[in-house]
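Some notes on the structure that comes next.
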Amino acid sequence: MAASASDDNYFLWFSDVHYDPFYATKDAFRAPYNIKAVCNSTALSPVIGNIGCDSPKALVESALKHAAVVAPSPSFIIITGDLVRHGVDMLYATNGGDEGAESRVGSEVEVAANSEYHVDAMNKVGDILNEVVTTFAEAFPDVEIILSLGNNDMVPDYYLKLQDDTSDLDNNLSIADPVDYGMLGIIYSSLSREGKEVSPDNTSSLGEQRRSRSLLSAKDKLTFLKGGYYSRQVSDSLTILSMNTVLYSSFHGPEPANSDDPGSQFAWMPRMLTNIRARGTSLAIIVGHVPPAYALLNSNLNLVGNGKQLWREKYINTYYDIVQNFDDVIAG
């Protein structure tokens, strides 16, 4: 949470929720570093969750309930990725689960991405994202929620295939079918009103009413289907740029056609920041999941990246060139 609930303006910041709807069942995820964790027993798995397990619904709801008490009226909420449990493709893998392991080598990633169960795994990610966002919406039904994608919000882990030809988006957005855009299309469909009938009366849940105003809207479609990014103006003086920084990770695959600017996100950034600057009194906050930095290897703790780059160097350089040109309008 930035600032405090006693301030006039504050926001809530969540990350790495890793919601597992299969917690306390045989399909629950258990982290390999904690083989003693009990995640898959209806009788023995603690209701509120366990160290080494991904988050059960009770834990997510408890955290949000507490947040709503201590900070009941945030200006907006940001969720910087990894809403989804680890290893969703492990639920469908046919080779003893190996295809769903996060420790896969490159060839195993391709096996998983080209498997018969890949579509089922992608759809399940969309379902889990929808359920998590609905839970947030029910806790904060009148608050704007801005989401960034994390590496576990796609399957296999870090795998996001971009559509090489997005001319239909540029030329006629209304006819672009999310089905043609793979994982990004599935996520867009799960988080937007498009293709959904939402009851306008009081019989629909708060989450359904919140989604009827769309976490993702038609105006986000162009950039989201291109690369999983979008912007949200949360007030007259503040715009959030939600970036898909997974595209810049040294673990991201497959290699996009436009490898210098995956999804044209770097071309989009300065256009948005120029427009924000032109307003005169407006600022921007940039959010994303994978930070633009290198990971260090500590002898006592394996940090993300295992001593490798979090971002590829060329992307770090491009990003900071843009940021330095707009440091007068970037608030964070």
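The table for this structure:
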item	result
Sequence ranges 108-116, 18-26, ranked by mean other-Cβ count within 10 angstrom, highest first	18-26, 108-116
Residue-by-residue Karplus 3J(HN,Hα) for the range 259-267, coefficients 6.51, -1.76, 1.60, Hz, glycine and proline x	6, 7, 8, x, x, 6, 6, 5, 5
Residues with amide H under 5 Å from that of LEU238, placed H, sequence gap 5 or more	LEU283
Cross-link pairs beyond the 25 Å C-alpha cut-off, checked among LYS161/LYS219; LYS161/LYS221; LYS57/LYS161; LYS36/LYS57	LYS57/LYS161
Rounded FRET efficiency, nearest 0.05, which uses the C-beta distance separating LEU222 from ASP142 and R0 of 30 Å	0.65
Under Karplus coefficients 6.51, -1.76 and 1.60, residue-wise ³J(HN,Hα) of the range 217-231 in Hz, glycine/proline x	10, 4, 6, 7, 4, 4, 6, 5, 6, 6, x, x, 10, 6, 10
Mean Cβ count within 10 Å, highest first, over the residues of peptides 118-126, 38-46, 155-163	155-163, 118-126, 38-46
Highest to lowest packing among 271-282, 226-237, scored as the average C-beta count within 10 Å	226-237, 271-282
Vicinal HN-Hα couplings computed from phi for the range 59-75 (Karplus, 6.51 cos²θ - 1.76 cosθ + 1.60; Hz; Gly/Pro x)	5, 4, 5, 5, 4, 5, 4, 5, 4, 5, 7, 7, 9, x, 10, x, 5
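Since every read-out is calculated from the coordinates, none of them should be taken as a lab result. None of these values were measured; they are calculated from a predicted model. All Cβ positions, even for glycine, are placed from backbone atoms using ideal geometry, and neighbour counts span all protein chains on display.
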